[in-house]
C-alpha cells in the first residue's frame, strides 16, 4: 500500500468556473492531535493504519501542510432550510481539500469540516465542536456498517482551541470522504441567481463524474433527475427500516448521489414512536421520523424546480410521481426481510401495519424487537416470551404472533435458517444517543478509548459481539430524552 507521501491528489471541482468556489486556506489547530481514525475509511485511500499515527498525517489532513495536489476551497450552494429558501449558504465551516486518487483510479473527495472561517461563514466562526464531530464520525461509519449509502468519516483531529456555542466547548475537525459533496442546494443556488448556464455546467460535471451512462443521451438531464429521485426513495426507505431520523433534512443537506449527508441532529429510534423528533430545534416537527418520506419528496420537488432550465415541467413531474410508489416498494421489501419473509404476499402490508400499531402503543424498543423477532419459535404452542415481554397488551401481541406464525408456515419457513437471514438484516447495535453521549463525555475529558470502542462495535452491527453486550441495551433513564440541537 502507498505511503502518505505517495497519495495522489487532484481537484476537478476547482476547474469549474470561478463562481462555483472560493480558494481558502484552512486555519489549523495549534497542538493538533489525532482523536480517532477509521481503519475501514483509511483503506478507501489505500493507506494502512500505521500511516495515521505519523505526525505528518495530522499536519496534512488538519490543514497545516496540505499534500501536493490539494487545493483547499469552499464551495457555494443555497438551500431550503426548514422550508424557507436561503439564497446563499456554502461551505461556512468546511473545505474541499481535493480528490484523493487511489491506485485503482477511484476518486474520493476529502472534506475538512471545522477548518475555520470562509466567505460563506456569515456570522459563524467556521469551527466545529468535539461533541458534534464525534457524533458525525461515529454515525457515518455506523451507517456504512448498516449498509446504508453515506459519506464516510476518515478521522477526527482535535485541538485545544475553545469554541463558544451555548457554552464554551472544545473544537475539533472531521475529515470526511465522499465521491461528491454536491447537494440539491448547489443546483438551487445557480437556478435562483439565474445563472442557468452554470446549472448546465454543474449537471454536465456531475453526469461525467457519476452518471457516465447518461452522457450523450438526448434526454440525459431528465433521466438524471429520475435517477436522483429513485436513489433518494431507496435511501429514505433504508433510513425508515433501520429507525433512523435525519434531524435537518434541508435541501442543502441532501446529496445528489443519494448519500446520507451532513449529520447534525439525528437519532435512531429507541422506543417506537412514529412522530419521533430528534432535533429539539424542530419546534413544529417538520423533520419528525414519520414525515421524512414526505419531506424528501418536497426537497426533490425543489431540485426539480432548479433543473427547469434543463428539463420540462412534464419531465420533472413524471420523475416526482415515481417517488412515492418507489419508496413504498423499497420500504415494504426491506420490512419483509426484517420479518424474515422470503415471498411477497398481499397480506404483508396489513401484517406490518398491525405490528407497527402495537409497537407504538407499547413503545416497544425498535431495534431490540426486530432482533428478538429472529428468535421466533413457530412450534405449536410456543409462547415466544422474548417477543411478549415488551408489550402490556398480551392478548393483542399474541393475536399478531398467531397471524405471523401462519404467514411463516405458509411459505415453509424454517426457524434456524430464518434466524440467520434476519440477523443479517436486523442489527443488534445502532448508535443510540446515550452511547454517543457517553463517548462524547469521555472524549471531552481527554479519553478517546470509548470513541474507538464504539467505532469497532458499530462496524459490525449484525454480529453478536458478547463482549460488548451492554452496548445493545436500551437507554438508561438519563439517556431516554437527550437533547440534540443544530449547534455544532
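Some notes on this structure:
- Test for residue 399: is it in a helix (DSSP H, G or I) and closer than 29 Å to residue 458 by Cβ: no
- Qualifying residue in segment 84-91 (condition: surrounded by fewer than 20 Cβ atoms within 10 Å (Cβ to Cβ), assigned by TED's automatic domain parsing to the domain that holds residue 139 and closer than 28 Å to residue 454 by Cβ): no
- Only residues that are more than 20 Å from residue 71 (Cα to Cα) and exposed (fewer than 14 other Cβ atoms within 10 Å of the Cβ) were counted in segment 4-38, giving 2.
- Restricting attention to segment 445-480, the residues that are modelled with pLDDT of 95 or more, more than 26 Å from residue 341 (Cα to Cα) and outside any loop (DSSP other than H, G, I, E, B) total 15.
- Of the residues making up segment 68-82, those that are in contact with a helix residue (DSSP H, G or I) (Cβ under 8 Å, 6 or more places away or on another chain) and either within 30 Å of residue 297 (Cβ to Cβ) or surrounded by fewer than 19 Cβ atoms within 10 Å (Cβ to Cβ) (or both) are 71, 75, 76, 77, 78, 79, 80, 81.
Matching residues to (1) in contact with a strand residue (DSSP E or B) (Cβ under 6 Å, 6 or more places away or on another chain); (2) under 24 Å from residue 474 (Cα atoms); (3) part of a loop (DSSP other than H, G, I, E, B):
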| position | (1), (2), (3) |
| --- | --- |
| 248 | no, no, yes |
| 273 | no, yes, yes |
| 296 | no, no, no |
| 319 | no, no, no |
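- Residue within segment 36-49 that is in a strand (DSSP E or B), within 25 Å of the chain's Cα centre (by Cα), touching a residue at least 40 places away in the same chain (Cβ under 8 Å) and assigned by TED's automatic domain parsing to the domain that holds residue 157 present: yes
- Search result, residues across segment 363-382 that are farther than 15 Å from residue 422 by Cβ and within 28 Å of the chain's Cα centre (by Cα): 363, 364, 365
- Applying the condition of being assigned to a loop (DSSP other than H, G, I, E, B) and crowded, with 17+ Cβ neighbours inside 10 Å to segment 328-353 and asking which residue is nearest to the chain's Cα centre (by Cα) yields 340.
- Every residue from segment 363-404 that is at positive phi and either surrounded by 14 or more Cβ atoms within 10 Å (Cβ to Cβ) or touching a residue at least 40 places away in the same chain (Cβ under 8 Å) (or both): 363, 384
- Residue among 419, 432, 424, 407 that is more than 30 Å from residue 93 (Cα to Cα), in contact (Cβ under 8 Å) with a residue 24 or more places away in the chain and under 22 Å from the mean Cα position of the chain (by Cα): 424
The values are calculated or read from the model by the stated rules, or taken from the named source; none is laboratory data. Computed from a predicted structure; not experimentally measured. With ideal geometry, Cβ positions are generated from the backbone for all residues, glycine too; neighbour counts draw on all protein chains shown.
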